[in-house]
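Readers should treat all values here as calculations from the given coordinates under stated rules, not as data from a laboratory. Predicted model, so just to flag it, every value in this text is computed and none were measured. Neighbour counts are summed over all protein chains in view; Cβ atoms, including those assigned to glycine, are modelled from backbone coordinates with ideal geometry.
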Amino acid sequence: MADTPIFNCKNADDVVKAVKEYDVSFIQFWFVDVLGTLKSFQITPAELEAAFEEGMGFDGSSIQGFTRIHESDMVAYPDPTTFQFVTWRPSEKPVARMFCDIKNPDGSAYEGDSRYVLKRMLAKAAEKGYTFYVGPELEFFVFESPESPKILDTGGYFDAPPLDLGNDIRRDIVFALNNMGIQVEYSHHEVAPSQHEIDLRYQEALKMADTAVTYRVVVKEVARKHGCYATFMPKPLFGENGSGMHVHQSLFKNGKNAFFDAKEEFGLSADCKKYIAGILKHAKEITAVCNQWVNSYKRLVPGYEAPVYIAWAQRNRSALVRVPMYKPGKEAATRIELRSPDPACNPYLAFAVMLAAGLKGIEENYELASPVEENIFDMDEKKQAEYGIESLPGSLGEAIAALEKSEVIKEALGEHIFNEFIANKKMEWDDYRTQVTEFEIKKYMPFL
């Protein structure tokens, strides 16, 4: 969509005015289920004012992780600040979208709403004077079709055409994102063949979670227009790097970066060190949320740039948490990077549990161990033990077990989502571990 207007609506009146002025045909209402899968329905402009006043009702019992059949009535209230055109649709009769907050019929916030979970954690941080900013790096693959991972190129990290055959796709994705008011910092070919990365300018966490959901839709829609299929599956190719979602994060207080202190070692404030300690201490507990699929653990193995070792460092990319040093001493650039999450997670829940772990470190004055600048991938188990380095869960089953024991994450997610999420993941794990795979047939049948 050329010359798409970028809206900065502050209230319902602004949205109604924009819909009339640009002759919008439909308005899509967006929200996600407990797994982060986008759900959507659309209304006509005639229903818009009533939707702002009374919300739009729907059957929550059909949404994963929402309600039981006898308490199924839910109401979606659109957030006017999220109003934008969907840029992959024809411009003659534009279609817009807004994210929604899900409420109970009595108007109270619905505890099964992922967006509410993040808003609740952000409110907790705000009580302490903090604003939480995140900048995720969502990697993805582009294949010929969803049926099989047939690659389109053999390019590698930062390769240019002709090795990189996805350049035009990435360019159109960037244009589509920009036309929705989403700022892009970097765009490049990633390490694996047919793998790409587009990095987003950091934002306040709720806005970024909305943006991450939008990003995934835009990537898939633009790829489809090019006759290809984009996937955020963490590990679609055996023997190649998987797709991660490294999450840069920082806390600001009174307009200043609370992670920066020029007088302290590494330029990191006391709060930042405690925050990192919180992330590390609760790393196993948040893994099921940040890496929620069976396939996620095919990526989280040593040797493919995926961090599995619970440690922190500055330049060392084999550590779980890294403090980027691109602009040392610059206050605004001081941040931490959690390298384990993958782009197939629910971003609302993932950001919420990261913040919960970090805040717990600040609240309880966790002490941060020394950084590990050696390549942990090269260490044997004895040396890792000397450094006190543990590993993330090696399977979804292990991650669920760690999550179930976590009071910190149960409080962050709320009992409803905590229980629904675990129940769903247990079903997935049971379904997976009872499968007989082609690997097993080929390996064992000939001699057993």
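What is the stretch 12-110's relative contact order, in percent, from Cα pairs under 8 angstrom and six or more apart in sequence? Across the stretch 12-110, relative contact order equals 30 percent.
Distance from the Cα centroid of the stretch 6-64 to that of the stretch 164-230 is 23 Å (rounded to whole angstrom). Qualifying chymotrypsin sites (Phe, Trp or Tyr not before Pro) in the stretch 196-253, where qualification requires a DSSP coil assignment and no more than 16 other C-beta atoms within 10 Å, comprise 238.
Annotation note: GluC sites (Glu not before Pro) in the stretch 126-199 located in DSSP loop regions with a Cβ neighbour count of at most 15 within 10 Å are 144, 147.
In the chain, helical runs assigned H by DSSP with n ≥ 4 each contribute -39500 (n - 2.57); averaged across all residues and rounded to the nearest 500, the mean residue ellipticity at 222 nm is -10500 deg cm²/dmol. Taking a ≥ b ≥ c as the square roots of the eigenvalues of the Cα gyration tensor of the stretch 191-247, is the shape rounded (a/c under 1.5), prolate (a/b larger than b/c) or oblate? Because a/c hits 1.5 or more and a/b fails to exceed b/c, the stretch 191-247 counts as oblate. Treating each Cα of the stretch 12-110 as one equal point scatterer and applying the Debye formula with no solvent, the log10 of I(q)/I(0) at q = 0.13, 0.16, 0.20, 0.21 Å⁻¹ comes out as -0.46, -0.67, -0.97, -1.05. The mean sequence separation of alpha-carbon pairs under 8 Å and at least six residues apart, normalised by the residue count of the stretch 172-313, gives a relative contact order of 16 percent. Apply 1/(1 + (r/R0)^6) to the Cβ-Cβ distance of residue 373 and residue 12, taking R0 = 45 Å, and write down the FRET efficiency to the nearest 0.05. The formula returns an efficiency of 0.30 here.
For the cross-link pairs 330/405; 103/284; 298/405; 150/207; 284/383, which exceed 28 Å when the distance is taken from alpha carbon to alpha carbon?
330/405; 103/284; 150/207
Where in the chain are the DSSP H helices whose alpha-carbon span along the long axis reaches 15 Å or more and whose Kyte-Doolittle mean is at least 0.0? Those that pass (Cα extent of 15 Å or more, hydropathy at least 0.0) are 205-225, 270-281, 347-363. Here the stretch 43-178 is treated with +1 on each Lys and Arg Cβ and -1 on each Asp and Glu Cβ, and its dipole about the Cα centre works out to around 340 debye. Relative contact order of the chain: 15 percent, from C-alpha pairs under 8 Å at least 6 residues apart in sequence. Given R₀ = 41 Å, FRET efficiency for residue 109-residue 332 by Cβ-Cβ distance, to 0.05? So the FRET efficiency works out to roughly 0.80. Residues 433, 322 in ascending order of nearby Cβ atoms (within 10 Å, fewest first): 433, 322.
For the stretch 191-235, applying the loop criterion from DSSP together with a ceiling of 15 other beta carbons within 10 Å to the trypsin sites (Lys or Arg not before Pro) yields 201. Expressed as a fraction of 2.2 N^0.38 Å, the value expected for a compact globular protein of N residues, the C-alpha radius of gyration of the chain is 0.99. Residues considered: 82, 434, 211. Largest GNM mean-square fluctuation over the chain, using C-alpha springs under 10 Å, is found at 434. If R0 equals 56 Å, the separation of the Cβ atoms of residue 168 and residue 315 corresponds to a calculated FRET efficiency of about 0.95.
Across the options 45, 35, 56, the greatest Cα extent toward the positive end of the charge dipole of the stretch 12-110 (unit charges at beta carbon of Lys, Arg, Asp, Glu) belongs to 35. A Gaussian network model of the chain, with springs between Cα atoms under 10 Å, assigns the largest mean-square fluctuation among 226, 189, 282 to 226.
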